[in-house]
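Enquirer: Once you've had a glance at the structure underneath, I'll fire off some questions.
The values are calculated or read from the model by the stated rules, or taken from the named source; none is laboratory data. Fair warning: this is a prediction, and the values are worked out from it, not measured in the lab. Here Cβ is always computed from backbone atoms with ideal geometry, including for glycine, and neighbour counts include all displayed protein chains. In case anyone asks, the SASA skips ligands and DNA or RNA and just uses the protein heavy atoms, side chains included. Shrake-Rupley method; radii C 1.70, N 1.55, O 1.52, S 1.80 Å.
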Amino acid sequence: MNDLQETTVQWLTERILAGGRGDGIDRLEVKPSGRFWLGRLAPEMEVINSPIGDRFERMEPCAMGIRLKPATEPPWEFNVEVRCRVWVRRRVWVRQGSGDDAEWTKSELLAARTSVSVVDAIPGAQEIPFAQFDTLFSNATSVQDHSVTIRIERQRSRGQLPDLVVSCVNTSNIRDRQPVDPCLYEVEMRLSRLETSPFLLEGLPDSFRYDRQVPAYGINCGVVQESQDFRTTDLVVVDRGRPRYWHMERPEPNLTFETLANDPMPHLEQLVEAHRDWGAEEWSANRLAERASEEKWTSAMREEAEEGANAYREEARRLQAGLGSLRADPTLLRCFQLTNRAMKRSSRGKYEGWRSFQIGFLLANLECLRDSANSEDETSDPVEILWFATGGGKTETYLGLLVMAAFHDRLTGKTSGITAWSRFPLRLLSLQQTQRFANAVAAAELVRKEEGIGGATFSLGFFVGQGGTPNKIERDSKPGFPDPDDPEMPAQNQILMACPFCDSGIEMGFDRRTWRLAHRCASDECVWGDKPLPFYVVDSEIFRFLPTIVVGTLDKVALIGFQAAMRGFIGSPSGICSGEMHGYTYAERSKSPNGCQVPDCDRPRNPLPMDAKRYRPSIRLQDELHLLRDSLGAIDAHYESLLDYLIEKTSDFRPKIIASSATLTGYRQQCDVLYRRQGRVFPALGPTATESFWTVESDDLLRRYVAIAPRGATLEFAADRIVTILQTAVRDLLTDQNGVRAALGVDDEEAKMLVDLYGTDVVYGNTIRDLDASVRSPETQIPLEPLKTATLTGHTPFPEVRDTLERLEHPEEDFNERLHVIAASTMMSHGVDIDRLNVMLMLGVPLTTAEFIQATARIGRKHPGLVFVLHKMALERDASVHRSFTSFVRQGDRFVEPIPISRRSANVLRRTFAGLEQSRQLQLLEPSCGARLTTVANLARFVSDGGMSSATELDELAEMLGLEGDLDERLRSELQVLVETFFRQLDNPPSDAIFPSDLYIPSGPMRSLRDVEEQAPVRD
Ligand SMILES: [Zn+2]
Ligand SMILES: [Zn+2]
């Protein structure tokens, strides 16, 4: 099965190569240089005469070559073979009466070999005219203007011997008006009989984990080694193998949900034992010493290996501790078993169990669940980072942990409130991921009921930035806001596509009685019945019901500075409304006299049903940690400190932080800056880049990366051509053009399956400009009918994203009706998991390596994937990635740039200050004093009564931000200025200031972590 798909990937690669070079095309009506964009060499004169010099050379090279390291002293004797074709313009009689016309015809393949001798090692260059080609060319074109030269350069290197660069150069001197195309086409150079030794990879720090040997570098091309020979290629192809999750000789422990739900201990013990035994071998001092001498490790590499061994030992300790916790704590063991029962149900039979690293992560984090119930245990509480570069299954892994935490909360006295707040850094949270969360929560709810575990229903909240879902639904809505009387309104806010209990369709509705925007199951047979599903999408409903798990975007944290009802996220609500299904109450306001969030409710308020200190979430989860950088990261760092501070003050508790990251560079500093905690990674890195206990790179193709440097053509042109070629290829397969099925060795059924898997191309743009061009061009430039396109970017309206994902997942029966091209931006590189997306065209190398890793990971999730990376050769970065593309793909994680982030920016503090200070007033001072602090007048009275002062605020905020050391001195004085300015304003308020938020200089609390322009007043 996979073989067929690998064959298809190879076939599509060949079609691109042939299409770009013009293989198989012998005649053209247009000039070939305007048509072909691979495998051609421009005449050197053109490059020399170009005013943009080097840049021109990169975009339209006149030479291609191979850089080698000779293994022996000179003289060096070797053979160079060059093959190419040329195009000639000939007059032809077209049709009677229409006169004569011209057409271009291609020559035979011209090939010649010459032997070269380099006698000394003195740096310098020599040119050898390739005389045999003179005859070949003149026979082919009948003009004497084409020529090829072999250029040999001896370049200084770090070693004793120079590097040898052998190139073939198009030295043609084509006079104007000659009927030939001056470029050489389908050029290939082979070099044989030279003994070489490999390069040691340049430009990266040495690491004991990586194979640093590179046999040769291509110049303006790729290079392939075939035994002792080297050959240039027009596409640089790098294949990565699919990870395998068990590679021990001993049998894999049974990690199915079923088994772990019934009798987990023996199987978990086997796993931990296998981990211990494997490490005792692979990480042993002997093994490392052996490798150190074989691979000539430097002392830095030895140290790195020692650190790696320590990280492994720490991992082994945590696994043992996890086992110990399960043995010692029957409640925890029960939670683990119930979680497996829930996961079995929510997986819908799509998978039967866990991968070993997923169970490893759960085991390693069991300790923290126990601690979350005993808050006095002040351990070092590191941020636990799930590193998922090695394979999929990230969402399920932490869903397992969250469900387990939810059971644990219920079984240890937390009967209601939020267990975990899971945050994504992007504005648009993936709907697919939300559905998976909903399925897991629904499954856990059924298990909870079956087990007769008390407390509130397990539920899910969808808590995203504006534009996603409504903040609240008001009785008299303003234009542009959700209108409870609008029959279309509920459907516009549909988030789930299927019932999380039974997979049936969803009916949306607004229930006026309970004032709820409800998702309901459309089936009569659903186990859940026709009640609204336990899924909340409106902010005010999330405050009313405090769902067990809240998923949302990072920027929502800003609400804490101006929304009193955020208190359920850090402390506790004020009570519970006596109105049926009204839920929790918060601070009293003129519109909500008892603090109820249902409009116009004035019913009495009942006391909280549970210890107020247990409402705070047990876990904060940060997805895609590596994206928290620059100003977003700096601002969030202050808000993370705010959350920790408020929870500590209200609940004597420090929540556990779990994060996931695609890259590991700089995670230590990032955890320190964002959370003031240490970071700890799971799984620990293995002793080599391709193998650890948890995973090994297999021979099955996971993803093929193909670097393309288009020659003499714009990026847009090449992109259009590539999409055209790819779409033509699948259409040929669909209709069996020219016996393509037989050639590929597939029958009709198989062809249909391959068209399903390879018929949609994702065009990924790093810039809006590129994407706009790629969206426009299918309409104008791609000569295929029909060609259906869609976009997935941060600007795509929500319902459109939903529909597109739905169509991709469940394609139309008729190929012609399907989506053929998706123009996507970074928005799709997070959480879009569609097994049918297996071909991607990337327009330029993304600005960060992390984005490259993330975006390409969307492709080939289940089947072999194919990623074409179209390099913008005019850009130095793209050109440099092209030169070392193989290492870039194989060792991508080491290319990941350090993450720029700081918490000590005074500028950032000026932006966050109002939110931090106002949160203190709203979330701590107001609830404890019982008065409203929502107007300037009230707040001024509070101050004159001694409720707060500039001294208390300065001390508290400094504590919150952890401003202690000398390095924080500057930030502390900035804080002092801000606090004092605020109190001066309060003493002497501007005449138009009504709300405390009007007093802040330079600005009030941020509305979102991303925009700094808008501020929100606290309403009374
Ligand atoms: Zn249902
Ligand atoms: Zn009420």
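Enquirer: I'd like the accessible area for R334: 1.4 Å probe, protein heavy atoms, all chains in place, Å² to the nearest 10.
Expert: Taking all protein chains as shown, R334 has close to 90 Å².
Enquirer: Continuing with this model, one more query. When all protein chains stay in place, what accessible area (Å², nearest 10, 1.4 Å probe) is found for D600?
Expert: 110
Enquirer: Name the lysines eligible as straight-distance cross-link partners of K106: C-alpha to C-alpha under 26 Å, and not fewer than 8 places from it in the same chain.
Expert: Partners found: K31.
Enquirer: A further question on this structure: For the chain, take the longest principal axis of its alpha carbons; what is the angle in degrees between that and the long axis of helix 969-987, to the nearest 10 within 0 to 90?
Expert: It is inclined by approximately 50 degrees.
Enquirer: Same structure again: Can you give the relative contact order of segment 456-579 as a percent, counting alpha carbon pairs under 8 Å and 6+ residues apart?
Expert: Numbers: 180 pairs, mean separation 39.1, N = 124.
Over segment 456-579, the number comes to 32 percent.
Enquirer: Follow-up question, since we're still on this one. Let me make sure I get this right: for segment 918-972, a, b and c are the square roots of the gyration tensor eigenvalues over alpha carbons, sorted descending. Under 1.5 in a/c it's rounded, otherwise prolate if a/b > b/c, else oblate. Which is it?
Expert: Note, shape of segment 918-972 comes out prolate.
Enquirer: Please determine, in degrees from 0 to 90 and to the nearest 10, the orientation of helix 330-346 with respect to the longest principal axis defined by the Cα atoms of the chain, where the helix direction is its Cα long axis.
Expert: Tilt of helix 330-346: around 50 degrees.
Enquirer: Expressed as a whole number of Å, what is the distance separating the alpha-carbon centroids of segment 901-971 and segment 748-762?
Expert: 59
Enquirer: Can you list the HN-Hα couplings for segment 510-526, worked out from phi with the Karplus curve (6.51, -1.76, 1.60; θ = phi - 60°), rounded to whole Hz and with x for Gly and Pro?
Expert: Once θ is set to phi - 60°, the couplings for segment 510-526 become 10, 9, 5, 5, 9, 6, 10, 8, 10, 8, 10, 6, 7, 8, 6, 9, 5 Hz.
Enquirer: I would also like to ask the following. What whole-number value in Å² describes the accessible area per residue of segment 860-955 for a 1.4 Å probe?
Expert: Accessible area per residue, segment 860-955: 36 Å².
Enquirer: Quick check: from the Cα gyration tensor, does segment 518-608 come out rounded (a/c under 1.5), prolate or oblate?
Expert: Oblate.
Enquirer: Another question, then. Here is the link list: K591/K613; K344/K649; K531/K556; K472/K531; K472/K788. Which ones come out longer than 32 Å on Cα distance?
Expert: The pairs that break the limit, which is 32 Å between Cα atoms, are K344/K649; K472/K788.
Enquirer: Next question, about the same structure. Leaving out ligands, DNA and RNA but keeping every protein chain, what accessible area does D992 have, in Å² rounded to the nearest 10, with a 1.4 Å probe?
Expert: 120
Enquirer: Sticking with this one: Report, for the chain, the % of DSSP beta bridges that are antiparallel, rounded to 5.
Expert: Of those bridges, close to 60 percent are antiparallel.
Enquirer: Under a 5 Å amide H to amide H cut-off, with H placed in plane at 1.01 Å, what residues pair with I385 once short-range neighbours are removed?
Expert: Counting only residues 5 or more places away or on other chains, the set is A659, R680, V681, F682.
Enquirer: Based on the alpha-carbon gyration tensor of segment 492-566 and its eigenvalue square roots a ≥ b ≥ c, which shape applies: rounded if a/c is under 1.5, prolate if not and a/b is larger than b/c, or oblate? Let's see the in-between values first.
Expert: On the way: a/c = 2.52, a/b = 1.96, b/c = 1.28.
In terms of gyration-tensor shape, prolate.
Enquirer: Shifting gears a bit: Which Cα, out of S227, G712, A634, lies furthest along the positive dipole direction of the chain (beta carbon charges, K/R +1, D/E -1)?
Expert: A634
Enquirer: Something else: Can you tell me the dipole magnitude for segment 882-974 around its Cα centre, using point charges on the Cβ only (Lys, Arg +1; Asp, Glu -1), in Debye to the nearest 20? List each step's numbers first, then the result.
Expert: Values: 12 positive and 14 negative charges, 129 e Å.
Using Cβ point charges on Lys, Arg, Asp and Glu, segment 882-974 gives about 620 debye.
Enquirer: May I ask you to evaluate 6.51 cos²θ - 1.76 cosθ + 1.60, the Karplus curve with θ = phi - 60°, for each residue of segment 671-677 and list the ³J(HN,Hα) values in order in whole Hz, giving x for glycine and proline?
Expert: Whole-Hz 3J(HN,Hα) from phi for segment 671-677: 5, 5, 6, 6, 10, 6, 9.
Enquirer: Let me ask you something else. Across segment 926-934, in residue order, what do the Karplus-derived ³J(HN,Hα) couplings come to in whole Hz, using 6.51 cos²θ - 1.76 cosθ + 1.60 with θ = phi - 60° and x for Gly and Pro?
Expert: 4, x, 7, 8, x, 9, 7, 10, 8
Enquirer: Let me ask something else. Helix 906-919 against the longest principal axis of the chain: what's the angle in degrees, Cα atoms only, rounded to the nearest 10?
Expert: 30
Enquirer: Now for a different question. Run the accessible area of the chain with a 1.4 Å probe and give the carbon-and-sulfur part as a rounded percent.
Expert: With neighbouring chains kept in place, the figure for the chain is 47 percent.
Enquirer: Would you mind getting the accessible area per residue of segment 178-282, heavy atoms of the protein chains only, 1.4 Å probe, in Å²? Let's see the in-between values first.
Expert: Values: 4670 Å² over 105 residues.
I get 44 Å² per residue for this part.
Enquirer: Any idea what the dipole of the chain comes to, in debye rounded to 20, about its Cα centre with Lys/Arg Cβ at +1 and Asp/Glu Cβ at -1? Kindly include the intermediate steps, with their values, before the conclusion.
Expert: On the way: 120 positive and 150 negative charges, 111 e Å.
Computed about the Cα centre, the dipole is about 540 debye.
Enquirer: What distance in nm lies between label points placed 7 Å from Cα along the C-beta direction at E6 and D211?
Expert: Here the answer is 1.6 nm between the modelled labels.
Enquirer: Considering the options A855, V979, N838, tell which one lies farthest towards the positive end of the dipole of the chain, charges being +1 on Lys and Arg and -1 on Asp and Glu at the Cβ, about the Cα centre.
Expert: Of the listed residues, the answer is V979.
Enquirer: Sorted by accessible area with a 1.4 angstrom probe, largest first, how do E314, E306 fall? Kindly include the intermediate steps, with their values, before the conclusion.
Expert: On the way: E314 60, E306 90 Å².
So the residues, ranked largest to smallest area, are E306, E314.
Enquirer: For D700, enumerate residues with amide H under 5 Å from its amide H, sequence gap 5+ or separate chain, H modeled in the peptide plane.
Expert: R242
Enquirer: Now for a different question. Could you work out the percent of alpha carbon pairs in the chain separated by over 55 Å, rounded to a whole number?
Expert: 25
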